[in-house]
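Enquirer: Take this structure, written in C-alpha coordinates, and hold onto it; I'll ask about it next.
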Amino acid sequence: MCNANILIIGGGISGLSTAWWLAEGGARPEVWDAAPRLGGKIRSHSESGYLTEDAAGILMNFHKEVDQLIEASGLSDKKISRGTDMRRYVVHKGELRPVPMKLPALLASPMWSLRGKLRMATELLVAKGGHERETVSEFIRRRLGSEILEKVMDPFIAGTLASDPDMANAWAVLPRLTALERRYGSFTSGMFINRVLHKKGRANIAEAFSFLGGMAQLTEQMAAHPAINTRRGFKAVDIEPADKGGWRVTGVDSQGIEITRRFAQLVISTPAPAAADLLNPINRELGKLLQGIEYAPLTVLHLGMVRDNIAHPLDGTGFLAPRQEQLSFNGNMWMSTLFPDRAPEGKVLLTSYIGGARHPHRCSWSEQQMVGNTLHDLRQLVGVTGEPEYVRRVQHTQALPLYHGHYYERTESIRSQLGKHRGLHLAANYLDGVSARDRIIQGAITAQRLLNSRQSVSRKPAAHVNPAVVH
(Lines give C-alpha, C1' and ligand atoms only; values in the text may rest on other atoms or scores of the structure.)
Protein backbone atom coordinates (compact mmCIF):
# COMPACT_ATOMS: atom_id res chain seq x y z
CA MET A 1 0.00 0.00 0.00
CA CYS A 2 1.54 3.30 -1.09
CA ASN A 3 0.88 6.75 0.38
CA ALA A 4 -0.32 9.86 -1.45
CA ASN A 5 -1.61 13.28 -0.49
CA ILE A 6 -5.10 14.01 -1.83
CA LEU A 7 -7.67 11.73 -3.47
CA ILE A 8 -10.89 12.92 -5.08
CA ILE A 9 -13.52 10.24 -5.69
CA GLY A 10 -15.75 11.33 -8.57
CA GLY A 11 -14.66 13.01 -11.79
CA GLY A 12 -17.69 15.18 -12.54
CA ILE A 13 -17.46 18.95 -12.56
CA SER A 14 -17.40 19.12 -8.74
CA GLY A 15 -14.45 16.76 -8.42
CA LEU A 16 -12.58 18.16 -11.40
CA SER A 17 -13.04 21.74 -10.23
CA THR A 18 -11.68 20.85 -6.80
CA ALA A 19 -8.74 19.04 -8.41
CA TRP A 20 -8.02 21.95 -10.75
CA TRP A 21 -7.92 24.52 -7.96
CA LEU A 22 -5.74 22.21 -5.88
CA ALA A 23 -3.34 21.81 -8.79
CA GLU A 24 -3.22 25.57 -9.25
CA GLY A 25 -2.35 25.85 -5.56
CA GLY A 26 0.65 23.56 -5.88
CA ALA A 27 -0.89 20.19 -4.94
CA ARG A 28 -0.88 17.07 -7.12
CA PRO A 29 -4.32 15.54 -6.54
CA GLU A 30 -5.52 12.20 -7.83
CA VAL A 31 -9.03 11.69 -9.26
CA TRP A 32 -10.79 8.32 -9.45
CA ASP A 33 -13.96 7.84 -11.45
CA ALA A 34 -15.88 4.63 -12.06
CA ALA A 35 -16.94 5.74 -15.56
CA PRO A 36 -14.67 5.34 -18.61
CA ARG A 37 -14.86 9.11 -19.22
CA LEU A 38 -14.64 12.13 -16.94
CA GLY A 39 -17.08 15.02 -16.72
CA GLY A 40 -20.07 13.36 -15.08
CA LYS A 41 -23.32 14.40 -16.73
CA ILE A 42 -21.63 17.16 -18.72
CA ARG A 43 -21.10 15.73 -22.17
CA SER A 44 -21.16 17.25 -25.66
CA HIS A 45 -22.21 15.07 -28.59
CA SER A 46 -21.52 15.84 -32.25
CA GLU A 47 -23.60 14.01 -34.86
CA SER A 48 -25.01 14.80 -38.31
CA GLY A 49 -23.85 18.40 -38.04
CA TYR A 50 -25.61 18.98 -34.71
CA LEU A 51 -23.83 19.64 -31.42
CA THR A 52 -25.98 18.63 -28.45
CA GLU A 53 -25.46 18.57 -24.70
CA ASP A 54 -26.38 15.77 -22.31
CA ALA A 55 -26.93 18.25 -19.48
CA ALA A 56 -25.97 21.91 -19.01
CA GLY A 57 -25.88 23.79 -22.30
CA ILE A 58 -24.94 27.20 -20.95
CA LEU A 59 -22.95 28.67 -18.08
CA MET A 60 -24.34 31.77 -16.35
CA ASN A 61 -21.60 33.52 -14.42
CA PHE A 62 -21.11 36.57 -12.22
CA HIS A 63 -18.00 35.45 -10.29
CA LYS A 64 -14.47 36.50 -11.19
CA GLU A 65 -13.16 33.10 -10.05
CA VAL A 66 -14.94 31.40 -12.96
CA ASP A 67 -13.33 33.88 -15.35
CA GLN A 68 -9.99 33.14 -13.68
CA LEU A 69 -10.38 29.40 -14.24
CA ILE A 70 -11.36 29.84 -17.89
CA GLU A 71 -8.41 32.10 -18.61
CA ALA A 72 -5.85 30.04 -16.69
CA SER A 73 -7.00 26.76 -18.22
CA GLY A 74 -6.66 28.08 -21.77
CA LEU A 75 -10.36 28.19 -22.62
CA SER A 76 -10.65 31.92 -23.34
CA ASP A 77 -10.27 31.43 -27.10
CA LYS A 78 -13.06 28.84 -27.13
CA LYS A 79 -15.51 30.85 -25.04
CA ILE A 80 -18.60 32.06 -26.91
CA SER A 81 -20.98 34.48 -25.22
CA ARG A 82 -24.70 34.71 -25.64
CA GLY A 83 -25.96 38.04 -26.95
CA THR A 84 -27.01 40.35 -24.12
CA ASP A 85 -30.02 41.66 -26.05
CA MET A 86 -31.61 38.27 -26.71
CA ARG A 87 -35.25 37.96 -25.76
CA ARG A 88 -36.45 35.57 -23.10
CA TYR A 89 -39.94 34.20 -23.61
CA VAL A 90 -42.57 32.63 -21.41
CA VAL A 91 -45.82 30.96 -22.46
CA HIS A 92 -48.86 33.03 -21.50
CA LYS A 93 -52.39 31.97 -22.50
CA GLY A 94 -51.06 29.70 -25.23
CA GLU A 95 -48.72 32.29 -26.78
CA LEU A 96 -45.08 33.29 -26.40
CA ARG A 97 -44.62 36.57 -24.56
CA PRO A 98 -41.25 38.27 -24.05
CA VAL A 99 -40.19 38.78 -20.44
CA PRO A 100 -38.39 42.15 -20.15
CA MET A 101 -35.32 42.15 -17.92
CA LYS A 102 -35.65 45.81 -16.84
CA LEU A 103 -38.23 46.74 -14.22
CA PRO A 104 -40.07 49.55 -16.12
CA ALA A 105 -40.55 47.35 -19.19
CA LEU A 106 -41.49 44.38 -17.01
CA LEU A 107 -44.22 46.40 -15.28
CA ALA A 108 -45.51 47.61 -18.66
CA SER A 109 -45.91 44.07 -20.00
CA PRO A 110 -49.49 43.10 -20.92
CA MET A 111 -49.03 39.81 -19.04
CA TRP A 112 -49.90 41.44 -15.73
CA SER A 113 -53.15 42.68 -14.28
CA LEU A 114 -53.20 46.15 -12.73
CA ARG A 115 -53.17 44.55 -9.30
CA GLY A 116 -50.19 42.41 -10.25
CA LYS A 117 -48.27 45.46 -11.52
CA LEU A 118 -48.94 47.39 -8.32
CA ARG A 119 -47.86 44.43 -6.23
CA MET A 120 -44.53 44.15 -8.04
CA ALA A 121 -43.96 47.91 -8.03
CA THR A 122 -44.29 48.06 -4.25
CA GLU A 123 -41.74 45.33 -3.45
CA LEU A 124 -39.53 48.04 -2.00
CA LEU A 125 -42.15 48.68 0.69
CA VAL A 126 -42.54 45.07 1.81
CA ALA A 127 -41.04 44.48 5.25
CA LYS A 128 -38.02 42.20 5.48
CA GLY A 129 -38.96 38.70 6.56
CA GLY A 130 -38.36 35.09 5.64
CA HIS A 131 -36.69 32.19 7.39
CA GLU A 132 -34.47 29.23 6.53
CA ARG A 133 -37.43 26.94 5.79
CA GLU A 134 -39.26 29.36 3.50
CA THR A 135 -40.11 27.88 0.10
CA VAL A 136 -39.57 29.65 -3.21
CA SER A 137 -43.33 30.04 -3.63
CA GLU A 138 -43.68 31.58 -0.18
CA PHE A 139 -40.75 33.93 -0.74
CA ILE A 140 -41.86 35.21 -4.16
CA ARG A 141 -45.50 35.49 -3.14
CA ARG A 142 -44.52 37.44 -0.02
CA ARG A 143 -42.31 39.92 -1.86
CA LEU A 144 -43.83 40.18 -5.36
CA GLY A 145 -47.25 38.54 -5.31
CA SER A 146 -48.80 35.49 -6.91
CA GLU A 147 -48.81 36.61 -10.55
CA ILE A 148 -45.06 36.75 -11.05
CA LEU A 149 -44.75 33.47 -9.16
CA GLU A 150 -47.19 31.66 -11.42
CA LYS A 151 -46.15 33.24 -14.71
CA VAL A 152 -42.37 33.58 -14.38
CA MET A 153 -40.78 32.09 -11.26
CA ASP A 154 -42.66 28.78 -11.33
CA PRO A 155 -41.47 27.97 -14.87
CA PHE A 156 -37.99 29.28 -14.09
CA ILE A 157 -37.53 26.94 -11.12
CA ALA A 158 -39.03 23.97 -12.97
CA GLY A 159 -37.25 24.67 -16.24
CA THR A 160 -33.75 25.39 -14.97
CA LEU A 161 -33.54 23.30 -11.79
CA ALA A 162 -36.10 20.53 -12.44
CA SER A 163 -37.53 21.56 -9.08
CA ASP A 164 -40.94 22.41 -7.60
CA PRO A 165 -41.22 25.97 -6.21
CA ASP A 166 -43.84 24.84 -3.70
CA MET A 167 -41.22 22.60 -2.08
CA ALA A 168 -37.88 24.18 -3.01
CA ASN A 169 -35.99 25.99 -0.26
CA ALA A 170 -35.73 29.69 -1.15
CA TRP A 171 -32.38 30.32 0.56
CA ALA A 172 -30.84 27.40 -1.33
CA VAL A 173 -32.47 27.88 -4.74
CA LEU A 174 -32.53 31.70 -4.89
CA PRO A 175 -29.43 32.62 -2.88
CA ARG A 176 -28.82 35.96 -4.58
CA LEU A 177 -32.38 37.26 -4.15
CA THR A 178 -32.75 36.07 -0.57
CA ALA A 179 -29.32 37.47 0.30
CA LEU A 180 -30.31 40.83 -1.19
CA GLU A 181 -33.36 40.90 1.07
CA ARG A 182 -31.32 40.00 4.14
CA ARG A 183 -28.67 42.60 3.33
CA TYR A 184 -30.74 45.50 2.00
CA GLY A 185 -34.27 44.69 3.17
CA SER A 186 -35.48 44.55 -0.43
CA PHE A 187 -34.02 43.04 -3.56
CA THR A 188 -35.28 45.97 -5.65
CA SER A 189 -33.03 48.33 -3.70
CA GLY A 190 -30.31 45.69 -3.59
CA MET A 191 -30.28 45.33 -7.36
CA PHE A 192 -30.14 49.11 -7.76
CA ILE A 193 -27.18 49.35 -5.38
CA ASN A 194 -25.41 46.53 -7.19
CA ARG A 195 -25.94 48.28 -10.51
CA VAL A 196 -24.33 51.42 -9.10
CA LEU A 197 -21.44 49.33 -7.79
CA HIS A 198 -21.04 47.73 -11.20
CA LYS A 199 -20.70 51.13 -12.84
CA LYS A 200 -17.97 51.91 -10.31
CA GLY A 201 -16.23 48.63 -11.09
CA ARG A 202 -16.97 46.98 -7.75
CA ALA A 203 -19.52 44.35 -8.78
CA ASN A 204 -19.67 41.73 -11.52
CA ILE A 205 -22.39 41.62 -14.15
CA ALA A 206 -23.92 38.31 -15.20
CA GLU A 207 -22.67 36.76 -18.43
CA ALA A 208 -24.01 33.67 -20.21
CA PHE A 209 -21.71 31.62 -22.41
CA SER A 210 -20.62 28.21 -23.66
CA PHE A 211 -17.63 26.98 -25.66
CA LEU A 212 -16.79 26.05 -29.22
CA GLY A 213 -17.14 22.30 -29.14
CA GLY A 214 -19.63 22.39 -26.28
CA MET A 215 -19.68 22.44 -22.50
CA ALA A 216 -17.51 19.32 -22.31
CA GLN A 217 -14.57 21.55 -23.23
CA LEU A 218 -14.74 22.89 -19.67
CA THR A 219 -14.39 19.56 -17.87
CA GLU A 220 -11.92 18.17 -20.40
CA GLN A 221 -9.66 21.16 -19.99
CA MET A 222 -9.77 20.93 -16.19
CA ALA A 223 -8.93 17.22 -16.32
CA ALA A 224 -5.99 17.96 -18.62
CA HIS A 225 -4.13 19.95 -15.96
CA PRO A 226 -0.62 18.42 -15.85
CA ALA A 227 -0.62 18.25 -12.03
CA ILE A 228 -3.79 16.13 -11.89
CA ASN A 229 -3.51 12.34 -12.05
CA THR A 230 -6.75 10.70 -13.23
CA ARG A 231 -7.89 7.07 -13.11
CA ARG A 232 -10.88 6.36 -15.33
CA GLY A 233 -12.92 3.20 -15.00
CA PHE A 234 -11.64 2.91 -11.45
CA LYS A 235 -14.30 2.55 -8.76
CA ALA A 236 -13.74 3.28 -5.07
CA VAL A 237 -15.38 0.43 -3.13
CA ASP A 238 -14.21 0.95 0.44
CA ILE A 239 -12.86 3.72 2.65
CA GLU A 240 -11.68 3.61 6.25
CA PRO A 241 -9.59 5.78 8.57
CA ALA A 242 -5.90 4.86 8.46
CA ASP A 243 -4.10 3.93 11.68
CA LYS A 244 -1.71 6.89 11.64
CA GLY A 245 -4.08 9.46 10.17
CA GLY A 246 -5.49 9.96 6.72
CA TRP A 247 -7.63 7.49 4.78
CA ARG A 248 -7.15 4.02 3.39
CA VAL A 249 -9.10 3.69 0.13
CA THR A 250 -9.68 0.56 -1.93
CA GLY A 251 -10.53 0.76 -5.61
CA VAL A 252 -11.26 -1.75 -8.36
CA ASP A 253 -10.48 -1.30 -12.05
CA SER A 254 -12.49 -2.56 -15.02
CA GLN A 255 -10.56 -5.85 -14.96
CA GLY A 256 -11.45 -6.50 -11.32
CA ILE A 257 -7.96 -5.74 -10.05
CA GLU A 258 -8.10 -4.31 -6.52
CA ILE A 259 -5.72 -1.66 -5.20
CA THR A 260 -5.55 -0.13 -1.70
CA ARG A 261 -3.80 3.17 -1.07
CA ARG A 262 -3.48 5.66 1.74
CA PHE A 263 -4.24 9.37 1.34
CA ALA A 264 -3.84 12.27 3.75
CA GLN A 265 -7.03 13.98 2.52
CA LEU A 266 -10.13 12.48 0.91
CA VAL A 267 -12.77 14.35 -1.10
CA ILE A 268 -15.96 12.52 -2.12
CA SER A 269 -17.56 14.14 -5.16
CA THR A 270 -19.97 11.43 -6.25
CA PRO A 271 -23.79 11.73 -6.24
CA ALA A 272 -25.32 11.36 -2.79
CA PRO A 273 -26.37 7.67 -3.09
CA ALA A 274 -22.84 6.58 -4.04
CA ALA A 275 -21.37 8.73 -1.27
CA ALA A 276 -23.79 7.14 1.19
CA ASP A 277 -22.64 3.64 0.19
CA LEU A 278 -19.02 4.58 0.90
CA LEU A 279 -19.73 6.36 4.18
CA ASN A 280 -22.30 4.02 5.74
CA PRO A 281 -19.70 1.65 7.23
CA ILE A 282 -17.87 4.46 9.06
CA ASN A 283 -20.79 6.77 9.94
CA ARG A 284 -24.27 5.34 9.62
CA GLU A 285 -25.96 8.66 10.46
CA LEU A 286 -24.06 10.50 7.72
CA GLY A 287 -24.88 7.75 5.25
CA LYS A 288 -28.56 7.98 6.18
CA LEU A 289 -28.60 11.75 5.68
CA LEU A 290 -27.04 11.40 2.24
CA GLN A 291 -29.31 8.53 1.26
CA GLY A 292 -32.32 10.73 2.05
CA ILE A 293 -31.44 13.34 -0.58
CA GLU A 294 -33.99 13.20 -3.41
CA TYR A 295 -33.15 13.53 -7.08
CA ALA A 296 -35.41 14.54 -9.95
CA PRO A 297 -35.51 12.57 -13.20
CA LEU A 298 -35.12 14.61 -16.37
CA THR A 299 -35.09 13.92 -20.08
CA VAL A 300 -33.33 16.21 -22.54
CA LEU A 301 -34.90 16.01 -26.00
CA HIS A 302 -33.02 17.51 -28.96
CA LEU A 303 -34.87 18.11 -32.22
CA GLY A 304 -33.10 19.20 -35.40
CA MET A 305 -35.47 21.04 -37.74
CA VAL A 306 -35.32 22.72 -41.14
CA ARG A 307 -35.31 26.47 -40.45
CA ASP A 308 -37.87 27.23 -43.14
CA ASN A 309 -40.33 24.89 -41.40
CA ILE A 310 -40.61 27.21 -38.38
CA ALA A 311 -42.67 30.40 -38.55
CA HIS A 312 -41.30 32.06 -35.41
CA PRO A 313 -38.14 34.20 -35.85
CA LEU A 314 -36.49 32.35 -32.93
CA ASP A 315 -35.05 35.68 -31.84
CA GLY A 316 -34.18 34.74 -28.29
CA THR A 317 -32.93 32.14 -25.88
CA GLY A 318 -36.11 30.06 -25.93
CA PHE A 319 -39.07 29.90 -23.58
CA LEU A 320 -40.28 28.50 -20.26
CA ALA A 321 -43.64 26.88 -19.59
CA PRO A 322 -45.73 27.70 -16.48
CA ARG A 323 -47.52 24.68 -15.06
CA GLN A 324 -50.92 26.27 -15.72
CA GLU A 325 -50.20 26.13 -19.47
CA GLN A 326 -50.12 22.31 -19.26
CA LEU A 327 -47.41 21.79 -21.86
CA SER A 328 -45.52 18.53 -22.30
CA PHE A 329 -42.16 20.05 -21.33
CA ASN A 330 -40.78 22.52 -18.78
CA GLY A 331 -38.90 24.67 -21.26
CA ASN A 332 -37.48 24.82 -24.77
CA MET A 333 -34.11 26.36 -25.63
CA TRP A 334 -33.15 27.56 -29.11
CA MET A 335 -29.58 26.35 -28.98
CA SER A 336 -28.68 27.24 -32.57
CA THR A 337 -29.75 30.83 -31.92
CA LEU A 338 -27.73 30.98 -28.72
CA PHE A 339 -24.43 29.68 -30.09
CA PRO A 340 -22.81 28.94 -33.47
CA ASP A 341 -22.08 25.43 -34.76
CA ARG A 342 -25.05 23.87 -32.94
CA ALA A 343 -26.85 23.02 -36.20
CA PRO A 344 -26.00 22.71 -39.90
CA GLU A 345 -26.61 25.60 -42.28
CA GLY A 346 -30.32 26.14 -42.82
CA LYS A 347 -31.25 24.01 -39.79
CA VAL A 348 -32.04 24.77 -36.14
CA LEU A 349 -31.64 22.88 -32.88
CA LEU A 350 -34.52 23.04 -30.40
CA THR A 351 -33.88 21.44 -26.99
CA SER A 352 -36.71 20.57 -24.60
CA TYR A 353 -36.51 19.58 -20.93
CA ILE A 354 -39.11 17.02 -19.84
CA GLY A 355 -40.03 15.68 -16.41
CA GLY A 356 -38.36 17.03 -13.30
CA ALA A 357 -39.97 17.16 -9.86
CA ARG A 358 -43.19 18.58 -11.29
CA HIS A 359 -43.85 15.78 -13.78
CA PRO A 360 -41.50 12.85 -13.06
CA HIS A 361 -43.83 10.35 -14.76
CA ARG A 362 -43.18 11.98 -18.14
CA CYS A 363 -39.66 10.59 -18.13
CA SER A 364 -41.20 7.14 -18.62
CA TRP A 365 -42.77 8.18 -21.93
CA SER A 366 -41.41 6.41 -24.98
CA GLU A 367 -39.29 8.41 -27.40
CA GLN A 368 -42.19 8.40 -29.85
CA GLN A 369 -44.52 9.85 -27.20
CA MET A 370 -42.00 12.51 -26.21
CA VAL A 371 -41.37 13.61 -29.78
CA GLY A 372 -45.06 13.60 -30.64
CA ASN A 373 -46.13 15.58 -27.57
CA THR A 374 -43.28 18.06 -27.96
CA LEU A 375 -44.01 18.63 -31.65
CA HIS A 376 -47.70 19.16 -30.86
CA ASP A 377 -46.82 22.01 -28.50
CA LEU A 378 -44.14 23.48 -30.77
CA ARG A 379 -46.53 23.57 -33.72
CA GLN A 380 -48.88 25.80 -31.75
CA LEU A 381 -46.25 27.99 -30.11
CA VAL A 382 -43.59 28.57 -32.79
CA GLY A 383 -45.35 27.37 -35.93
CA VAL A 384 -43.41 24.16 -36.58
CA THR A 385 -44.40 22.22 -39.69
CA GLY A 386 -43.07 18.91 -40.90
CA GLU A 387 -41.03 16.43 -38.89
CA PRO A 388 -37.59 16.71 -37.29
CA GLU A 389 -34.67 15.50 -39.36
CA TYR A 390 -32.66 14.76 -36.23
CA VAL A 391 -33.73 13.40 -32.83
CA ARG A 392 -31.58 12.70 -29.81
CA ARG A 393 -32.93 11.82 -26.37
CA VAL A 394 -30.84 11.85 -23.19
CA GLN A 395 -32.42 10.36 -20.07
CA HIS A 396 -31.25 11.00 -16.53
CA THR A 397 -32.97 8.94 -13.84
CA GLN A 398 -31.24 11.07 -11.20
CA ALA A 399 -30.62 14.37 -12.95
CA LEU A 400 -30.44 16.96 -10.19
CA PRO A 401 -30.65 16.89 -6.39
CA LEU A 402 -33.74 18.61 -5.04
CA TYR A 403 -33.23 21.31 -2.43
CA HIS A 404 -36.67 20.53 -1.05
CA GLY A 405 -38.17 20.55 2.41
CA HIS A 406 -35.90 21.01 5.41
CA TYR A 407 -32.84 21.40 3.21
CA TYR A 408 -30.90 23.58 5.63
CA GLU A 409 -31.44 21.28 8.59
CA ARG A 410 -30.25 18.32 6.51
CA THR A 411 -27.15 20.09 5.22
CA GLU A 412 -26.26 21.37 8.68
CA SER A 413 -26.54 17.82 10.00
CA ILE A 414 -24.37 16.56 7.14
CA ARG A 415 -21.69 19.13 7.95
CA SER A 416 -21.90 18.29 11.65
CA GLN A 417 -21.36 14.58 11.00
CA LEU A 418 -18.62 15.31 8.48
CA GLY A 419 -16.77 17.34 11.11
CA LYS A 420 -16.21 14.15 13.10
CA HIS A 421 -13.82 12.83 10.45
CA ARG A 422 -10.51 14.60 10.03
CA GLY A 423 -9.36 14.88 6.43
CA LEU A 424 -12.75 13.94 4.94
CA HIS A 425 -14.59 16.36 2.64
CA LEU A 426 -17.74 16.40 0.49
CA ALA A 427 -17.88 18.42 -2.73
CA ALA A 428 -20.94 17.67 -4.84
CA ASN A 429 -24.02 19.40 -6.24
CA TYR A 430 -26.29 18.31 -3.40
CA LEU A 431 -24.46 20.96 -1.33
CA ASP A 432 -24.24 24.67 -2.16
CA GLY A 433 -25.68 24.86 -5.67
CA VAL A 434 -26.25 22.70 -8.74
CA SER A 435 -25.03 24.97 -11.55
CA ALA A 436 -21.63 24.69 -13.23
CA ARG A 437 -20.81 28.11 -11.79
CA ASP A 438 -21.65 26.94 -8.27
CA ARG A 439 -19.53 23.82 -8.68
CA ILE A 440 -16.50 25.84 -9.80
CA ILE A 441 -16.84 28.20 -6.84
CA GLN A 442 -17.34 25.36 -4.36
CA GLY A 443 -14.37 23.55 -5.86
CA ALA A 444 -12.26 26.61 -5.11
CA ILE A 445 -13.53 26.76 -1.53
CA THR A 446 -12.89 23.05 -0.93
CA ALA A 447 -9.43 23.32 -2.47
CA GLN A 448 -8.57 26.30 -0.27
CA ARG A 449 -9.63 24.33 2.81
CA LEU A 450 -7.35 21.45 1.84
CA LEU A 451 -4.44 23.70 0.93
CA ASN A 452 -4.71 25.48 4.26
CA SER A 453 -4.53 22.14 6.04
CA ARG A 454 -1.25 21.11 4.40
CA GLN A 455 1.96 21.31 6.41
CA SER A 456 3.92 23.09 3.71
CA VAL A 457 3.07 26.52 2.35
CA SER A 458 1.59 26.36 -1.15
CA ARG A 459 3.46 28.28 -3.80
CA LYS A 460 0.22 29.50 -5.42
CA PRO A 461 -2.85 29.32 -3.18
CA ALA A 462 -6.29 28.86 -4.63
CA ALA A 463 -8.55 31.90 -4.46
CA HIS A 464 -10.55 32.30 -1.27
CA VAL A 465 -14.15 32.93 -2.28
CA ASN A 466 -17.51 33.10 -0.56
CA PRO A 467 -20.55 32.42 -2.77
CA ALA A 468 -22.89 33.81 -0.11
CA VAL A 469 -21.53 37.31 -0.74
CA VAL A 470 -23.85 39.32 -2.98
CA HIS A 471 -22.02 40.64 -6.06
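The values are calculated or read from the model by the stated rules, or taken from the named source; none is laboratory data. The model shown is predicted, which means the values in this text are computed figures rather than measured ones. Positions of Cβ are backbone-derived with ideal geometry, glycine not excepted, and every protein chain shown enters the neighbour counts.
Enquirer: So if I check each of Ala227, Ala236, Ala275, which one is under 22 Å from Leu424 (Cα atoms) and out of contact with any strand residue (DSSP E or B) (no Cβ under 9 Å at 6 or more places or on another chain)?
Expert: The conditions single out Ala227.
Okay, residues lined up against (1) outside the structural domain of His225 (by TED's automatic domain parsing); (2) over 24 Å from Phe209 (Cα atoms); (3) of a type in the set (Val, Ile, Thr); (4) surrounded by fewer than 17 Cβ atoms within 10 Å (Cβ to Cβ):
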| site | (1), (2), (3), (4) |
| --- | --- |
| Ser73 | yes, no, no, no |
| Ser76 | yes, no, no, yes |
| Lys79 | yes, no, no, no |
| Val90 | yes, no, yes, no |
| Glu95 | yes, yes, no, yes |
| Pro100 | yes, no, no, yes |
| Ser113 | yes, yes, no, yes |
| Arg119 | yes, yes, no, no |
| Ala127 | yes, yes, no, yes |
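Enquirer: For the stretch 3-24, does any single residue satisfy the condition of being assigned by TED's automatic domain parsing to the domain that holds Thr250, part of a loop (DSSP other than H, G, I, E, B), under 27 Å from Ile259 (Cβ atoms) and in contact with a helix residue (DSSP H, G or I) (Cβ under 6 Å, 6 or more places away or on another chain)?
Expert: For the stretch 3-24, residues assigned by TED's automatic domain parsing to the domain that holds Thr250, part of a loop (DSSP other than H, G, I, E, B), under 27 Å from Ile259 (Cβ atoms) and in contact with a helix residue (DSSP H, G or I) (Cβ under 6 Å, 6 or more places away or on another chain): absent.
Enquirer: Another question, if that's okay. Looking at the stretch 30-142, what strands (runs of 3 or more DSSP E) fall wholly within it and have at least 2 residues that are among the acidic types (Asp, Glu)?
Expert: Details: elements: 30-33, 44-47, 50-53, 59-61, 79-81, 87-92, 95-98.
The strands (runs of 3 or more DSSP E) meeting that bar are 30-33.
Enquirer: Give me the pairs, please: first residue somewhere in the stretch 239-250 and within 14 Å of Val267 (Cα to Cα), second residue anywhere and small (Gly, Ala, Ser) and part of a strand (DSSP E or B), beta-carbon distance under 6 Å, and either six or more positions apart or on two chains.
Expert: Partner pairs satisfying both residue conditions: Gly246/Ala264; Val249/Ala236.
Enquirer: Shifting gears a bit: In the stretch 332-372, what residues are of a type outside the set (A, V, I, L, M, F, W, C), closer than 19 Å to Ala296 by Cβ and not in a loop (DSSP other than H, G, I, E, B)?
Expert: Asn332, Thr351, Ser352, Tyr353, Gly355, Pro360, His361, Arg362, Ser364
Enquirer: Does Thr317 count as of a type in the set (S, T, N, Q) and either out of contact with any Phe, Trp or Tyr (no Cβ under 7 Å at 6 or more places or on another chain) or surrounded by fewer than 17 Cβ atoms within 10 Å (Cβ to Cβ) (or both)?
Expert: Considered against the rule, which asks whether it is of a type in the set (S, T, N, Q) and either out of contact with any Phe, Trp or Tyr (no Cβ under 7 Å at 6 or more places or on another chain) or surrounded by fewer than 17 Cβ atoms within 10 Å (Cβ to Cβ) (or both), Thr317 comes out as no.
Enquirer: List every residue pair whose Cβ atoms lie under 6 Å apart, where the two residues are 6 or more positions apart in sequence or sit on different chains, the first residue falls within the stretch 13-26 and is over 18 Å from Asn429 (Cα atoms), and the second residue, located anywhere, is at pLDDT 95 or above and surrounded by fewer than 24 Cβ atoms within 10 Å (Cβ to Cβ).
Expert: Note: pairs meeting the criteria are Ala23/His225; Ala23/Ala227; Ala23/Ile228.
Residue-wise test of (1) out of contact with any Pro (no Cβ under 9 Å at 6 or more places or on another chain); (2) surrounded by fewer than 19 Cβ atoms within 10 Å (Cβ to Cβ); (3) part of a strand (DSSP E or B).
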residue	(1), (2), (3)
Ala227	no, yes, no
Thr230	yes, no, yes
Ile239	no, no, yes
Gly245	yes, yes, no
Thr260	yes, yes, yes
Thr270	yes, no, no
Asp277	yes, yes, no
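Enquirer: Here is a further query. Being over 30 Å from Lys420 (Cβ atoms) and at pLDDT below 95 narrows it down to one residue among Arg323, Arg307; which is it?
Expert: The conditions single out Arg323.
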